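K.L.:
Sharing a structure below in structure tokens format, with a few things to ask.
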Amino acid sequence: MTLDVTDSGPDAGPDAGSRAGAWRPYEITPDAAGTADLVGWLDRTGARALTESLIEHKALVFRDFGVTPDTVDPVFARLVPDRLPYVHGNSPRTKVGGNLYTSTEYPQQYTISLHNELSYAHRWPTRLAFYCETAAESGGATPVLDGELWLASLDARVREAFADGIRYVQNLHDGLGFGKSWQDTFETDDRAAVEAFLRASRAEWEWNEEGLRVVQQRPATTRHPVTGAEVWFNQADQWHPAGLGDEASAELYDILAPEEFPQYVTFADGSAIPDAYIEQILGRGLDGAVDVDWRSGDVLLIDNVLLAHGRRPFTGSRRVLVAMSDT
């Protein structure tokens with residue numbers, strides 16, 4: 001089922017068509033919807049039609065509806081009902097409301113590579129909603145990429161190397177150290193609650209003098225529960241030192257052994273993933289992505305399995321909020 005709106009996809013970003021074929025996020029405006037009342041329109045559209053359209057289009061951009069920080073909550077209540085906490089998340093962000101977070105606080109001069117939220121975890125949100133409160137002075141687009149196309153873009157030898165899955169390692173400090181603490185990661189200081197979460201996640205863990213060490217075995221791909229599409233679905237490139245760039249990677253190697261890094265990744269058998277594989281995954285992901293160029297007030301809804309997302313570098317102030325749901 002398709003929503004009764006027009007696709008004004010050129011605003012999805014420069015050269016979008018040349019970088020990802022004909023696909024672009026599906027844009028919905030007051031003119032196309034026939035009303036400036038986004039909440040009312042979502043209510044009339046209904047949750048089922050919205051879900052069907054999201055699966056069909058993979059991403060929906062709501063633009064020019066005048067969404068403000070004071071009116072975003074009822075919009076998110078329709079787009080991502082029963083919002084999830086960011087438990088076991090590895091990105092630096094701040095909780096600003098009821099399971100509403102800053103999208104990331106990673107330094108603005110760096111690119112955040114393509115990824116599906118919490119793809120390294122036992123469970124992940126099925127959809128994400130982003131709200132642009134303040135657009136950057138320049139840059140700061142959110143690139144999105146069809147995970148099926150990303151998988152197909154990789155050399156056969158790379159896909160085959162990851163066929164048995166991935167081993168993720170986290171070393172979470174107790175309040176002082178590199179990366180996030182285990183308290184921030186799990187949004188609690190209750191060790192029993194953390195252990196219960198990890199037990200349900202089928203993860204291995206151990207407490208030590210520095211904090212908590214977590215090891216997880218996960219697949220490198222998954223299939224969408226409705227379409228059946230197989231997608232590249234992991235964060236090997238973000239957890240691997242080669243994904244940090246030569247300078248940052250060298251500094252980490254000077255200080256710590258790889259298995260002591262705040263986060264690290266290997267093949268499922270514990271063998272090292274070649275830097276060249278990570279560089280290919282990173283490069284082809286970003287090269288194939290379509291940029292969603294933000295305007296203040298924009299809302300972006302994405303299917304977190306079908307689409308990976310990231311962030312381009314930016315200048316000036318930028319504030320984008322995110323909420324997630326498994327509905």
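K.L.:
Counting alpha carbon pairs within less than 8 Å and at least 6 residues apart, what relative contact order, in whole percent, applies to the range 150-284? Before the final figure, lay out the partial values.
P.N.:
On the way: 185 pairs, mean separation 44.2, N = 135.
Relative CO of the range 150-284 lands at 33 percent.
K.L.:
Between beta-carbons, use under 11 Å as the cut-off and find the net charge around T327, counting Lys and Arg +1, Asp and Glu -1. If you can, show how the numbers build up before the last one.
P.N.:
On the way: positive: R78, R83, R127; negative: D82, D326.
Summing Lys and Arg as +1 and Asp and Glu as -1 gives +1.
K.L.:
Sticking with this structure for a sec: Sticking to Cα atoms, compute the Rg of the range 48-166 to one decimal and its Dmax as the biggest Cα-Cα distance, whole number, in Å.
P.N.:
16.5, 50
K.L.:
Okay, next question. Apply the Karplus parameterisation 6.51 cos²θ - 1.76 cosθ + 1.60, with θ equal to phi minus 60°, to every residue of the range 204-218 and state each ³J(HN,Hα) to the nearest whole Hz, in sequence, with x for glycine and proline.
P.N.:
For the range 204-218, the Karplus-derived couplings read 9, 8, 8, 8, 9, 5, 7, x, 9, 10, 10, 10, 10, 9, 9 Hz, x marking Gly and Pro.
K.L.:
Let me ask another. Would you work out which of L151, A203, P274 lies farthest towards the positive end of the dipole of the range 150-284, given +1 charges on the beta-carbon of Lys and Arg and -1 on that of Asp and Glu, about the Cα centre?
P.N.:
Projecting each Cα onto the dipole axis, the largest value belongs to L151.
K.L.:
Now, a different point. Given a cut-off of under 8 Å on Cα pairs at least six residues apart, what relative contact order in percent is computed for the chain?
P.N.:
On the way: 655 pairs, mean separation 114.4, N = 327.
Result for the chain is 35 percent.
K.L.:
For the chain, with the dipole built from +1 on Lys and Arg beta-carbon atoms and -1 on Asp and Glu ones, taken about the Cα centre, which of P258, A236, G98 lies farthest toward the positive end?
P.N.:
G98
K.L.:
To make sure I understand, if each residue's beta carbon is the centre and we count other beta carbons within 10 Å, what order do R83, R48, R159 fall in, fewest to most?
P.N.:
Details: R83 23, R48 9, R159 15.
Taking fewest neighbouring Cβ atoms as first place, the list is R48, R159, R83.
K.L.:
Please report, in debye to the nearest 20, how large the charge dipole of the chain is about its Cα centre when each Lys and Arg carries +1 at its beta carbon and each Asp and Glu carries -1 there. Walk me through the intermediate numbers first.
P.N.:
Numbers: 28 positive and 50 negative charges, 130 e Å.
Here the chain has a charge dipole of around 620 debye.
K.L.:
How would you rank I278, I302, I28, I55, going from fewest to most other Cβ atoms within 10 Å of each one's own Cβ? Spell out each step's value before the answer.
P.N.:
Details: I278 22, I302 25, I28 28, I55 19.
Ordered by Cβ neighbours within 10 Å, fewest first: I55, I278, I302, I28.
K.L.:
Let me ask something else. Could you tell me what percent of the DSSP beta bridges with both partners in the chain are antiparallel, to the nearest 5? The partial results should precede the final answer.
P.N.:
Numbers: 50 of 55 bridges.
Counting DSSP beta bridges with both partners in the chain, the antiparallel share is about 90 percent.
K.L.:
Using θ = phi - 60° and the Karplus relation 6.51 cos²θ - 1.76 cosθ + 1.60, list the HN-Hα couplings for the range 51-66 in order, rounded to whole Hz, with x at every Gly or Pro.
P.N.:
Residue by residue, the range 51-66 yields 4, 5, 5, 5, 5, 5, 9, 6, 8, 10, 10, 9, 10, 6, 8, x Hz.
K.L.:
I'd like the Karplus ³J(HN,Hα) series for the range 100-105: coefficients 6.51, -1.76, 1.60, θ = phi - 60°, whole numbers in Hz, and an x wherever there's a Gly or Pro.
P.N.:
Residue by residue, the range 100-105 yields 10, 10, 5, 5, 5, 10 Hz.
K.L.:
Around F62, under 10 Å between beta carbons, what's the net of Lys plus Arg minus Asp minus Glu among the other residues? Before the final figure, lay out each step's value.
P.N.:
Details: positive: R63; negative: E27, D64, D298.
Taking every other residue near F62 into account, the sum is -2.
K.L.:
Something else now. Restricting things to alpha carbons, tell me how big the range 150-284 is in terms of Rg and Dmax, in Å.
P.N.:
Reported Rg and Dmax, both Å: 16.0, 46.
K.L.:
Sticking with this one: Take the Cα pairs of the range 47-90, get the Kirkwood Rh, then feed it into Stokes-Einstein at 10 °C and 1.306 mPa s and tell me D in µm²/s.
P.N.:
Values: Rh = 12.5 Å.
For the chosen part, D equals 127 µm²/s.
K.L.:
If you don't mind, there's one more thing I want to ask. Per residue of the chain, what 222 nm ellipticity follows from adding -39500 (n - 2.57) for every DSSP H run with n ≥ 4, rounded to the nearest 500?
P.N.:
On the way: 12 runs with 91 residues, N = 327.
The helix-only estimate for the chain comes to -7500 deg cm²/dmol at 222 nm.
Every number here is computed from the coordinates shown, using simple stated rules; none is lab data. These figures come from a predicted structure and were not determined experimentally. Virtual Cβ from ideal backbone geometry, glycine too; neighbours counted across all protein chains shown.
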